[in-house]
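Structure, as structure tokens:
The values are calculated or read from the model by the stated rules, or taken from the named source; none is laboratory data. Predicted model only: the values in this text are computed from it and were never measured. FYI the Cβ positions are ideal-geometry reconstructions off the backbone, even for glycines, and counts take in every protein chain you see.
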């Protein structure tokens, strides 16, 4: 008997697990074991040998993520950085990675301060300009993208990116942390790999750190598994359980995140103390049309520039309530940060500014609180920054 395709709201609740046959347990148990009994040397009883290599709780999370992203395989890692690192381990010295110039600071640090030491080469470009994909170097091995990007919420045209990569024989990886598979499925556009910091929206409650690496093609599975297992970047069973627990409410949380962020972005765009708002749901955003084509909604992240730069940003934080000053994002609570001083401080100032990241940029992770309360908190902090009118 065939069943109609399920919508994202249904899939997030049921993906990756069916009630346990042995006990009928509705939720996957946490298999807190380091090893498994064998029936004889080299004869695992149920195919499980060692928990770094196989763990049922981690498998449940991986299966759920693969189903939601439309992937052939998924690997749950200790963090988002571990997911990126695992993918880069499959490359070899001399390989060229072309990446966006508006990346999470930790990703830039991994690329330039660690991976370059082992022979990988990196070139950073503005991937929100589709023309760059017509000029990719012939030796490009991997195109690495964030869309929306962190922290400027720039949008990359995935179809153009994939077409450009195929022209030079390169693969494409997309960090889908900001959008989640509920809002965007890069593999549907021909992208080869997706990475997540599951710490963020997928976990959703700021209580667990994790990551994921997924591939569209089953032929990539063995190589990714080998590096995932050999480097020991696998997620712990308890963290996998917490992440899967959070995943079940992803759709309903994203609905509120998106609604709140969209309303606040439109309001901030009209505020006299705000110079510019970065949010792809605004018609004024340069990537709005592309975002409408490849996203179901525009996410819970936004950023804005204040007319007074870093000094104004600091004054804004001093007067802001309700939003917690903290790094990370994607939890049910609203957070605020200054990227140049926090999440992106590892990038040299001249490179940040060249990429358009101003010292006074403020980034908001808009939570699921009442929108009216969030707006009132922002208004109270912004009011003292409104320029005095000339008499």
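Looking at (1) at pLDDT below 85; (2) assigned by TED's automatic domain parsing to the domain that holds residue 237, which one does residue 2 not meet, given that it meets all the others?
(2)
Mind checking whether some residue in region 71-86 is under 30 Å from residue 157 (Cβ atoms), more than 20 Å from the chain's Cα centre (by Cα) and at pLDDT 90 or above? Spell out how you get there, then give the answer.
Let us first name the residues in region 71-86 that are under 30 Å from residue 157 (Cβ atoms), namely 71-77, 79-86.
Those left that are additionally more than 20 Å from the chain's Cα centre (by Cα): none.
No - not one qualifying residue is present in region 71-86.
When you go through 351, 333 one by one, which is the residue that is part of a helix (DSSP H, G or I) and outside the structural domain of residue 103 (by TED's automatic domain parsing)? Talk me through it step by step, then tell me what you get.
Working: 333 fails: part of a helix (DSSP H, G or I).
Among 351, 333, only 351 is part of a helix (DSSP H, G or I) and outside the structural domain of residue 103 (by TED's automatic domain parsing).
With respect to residue 220, is the statement that it is assigned by TED's automatic domain parsing to the domain that holds residue 161, within 28 Å of residue 99 (Cα to Cα) and under 15 Å from the mean Cα position of the chain (by Cα) true?
no
Being in contact (Cβ under 8 Å) with a residue 24 or more places away in the chain, part of a loop (DSSP other than H, G, I, E, B) and more than 21 Å from residue 192 (Cβ to Cβ) is the filter here; which residues of region 110-149 pass it?
119, 126
Table: residues versus (1) closer than 28 Å to residue 50 by Cβ; (2) at pLDDT below 95; (3) not in a helix (DSSP H, G or I).
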{"position": "201", "(1), (2), (3)": "no, no, yes"}
{"position": "208", "(1), (2), (3)": "yes, no, yes"}
{"position": "219", "(1), (2), (3)": "yes, no, no"}
{"position": "223", "(1), (2), (3)": "yes, no, no"}
{"position": "226", "(1), (2), (3)": "yes, no, no"}
{"position": "264", "(1), (2), (3)": "no, no, no"}
{"position": "280", "(1), (2), (3)": "no, no, yes"}
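Taking the options 20, 39, name whichever one is outside any loop (DSSP other than H, G, I, E, B), more than 26 Å from the chain's Cα centre (by Cα) and surrounded by fewer than 17 Cβ atoms within 10 Å (Cβ to Cβ).
Just a single option satisfies the conditions, and that option is 39.
On the given criteria, is residue 66 within 14 Å of the chain's Cα centre (by Cα) and either more than 22 Å from residue 347 (Cβ to Cβ) or at pLDDT 95 or above (or both)? Spell out the reasoning first.
Working: within 14 Å of the chain's Cα centre (by Cα): no; either more than 22 Å from residue 347 (Cβ to Cβ) or at pLDDT 95 or above (or both): yes.
No, not satisfied.
Among the residues of region 157-166, what is the count of those that are closer than 22 Å to residue 90 by Cβ and crowded, with 20+ Cβ neighbours inside 10 Å?
Qualifying residue count for the region: 5.
Of all residues in region 158-177 being in a loop (DSSP other than H, G, I, E, B) and under 16 Å from residue 99 (Cβ atoms), which is nearest to the chain's Cα centre (by Cα)?
177
Residue-wise test of (1) surrounded by 20 or more Cβ atoms within 10 Å (Cβ to Cβ); (2) over 16 Å from residue 151 (Cβ atoms).
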position: 251; (1), (2): yes, yes
position: 260; (1), (2): yes, yes
position: 278; (1), (2): yes, no
position: 285; (1), (2): yes, no
position: 292; (1), (2): no, yes
position: 298; (1), (2): yes, no
position: 304; (1), (2): yes, no
position: 316; (1), (2): yes, no
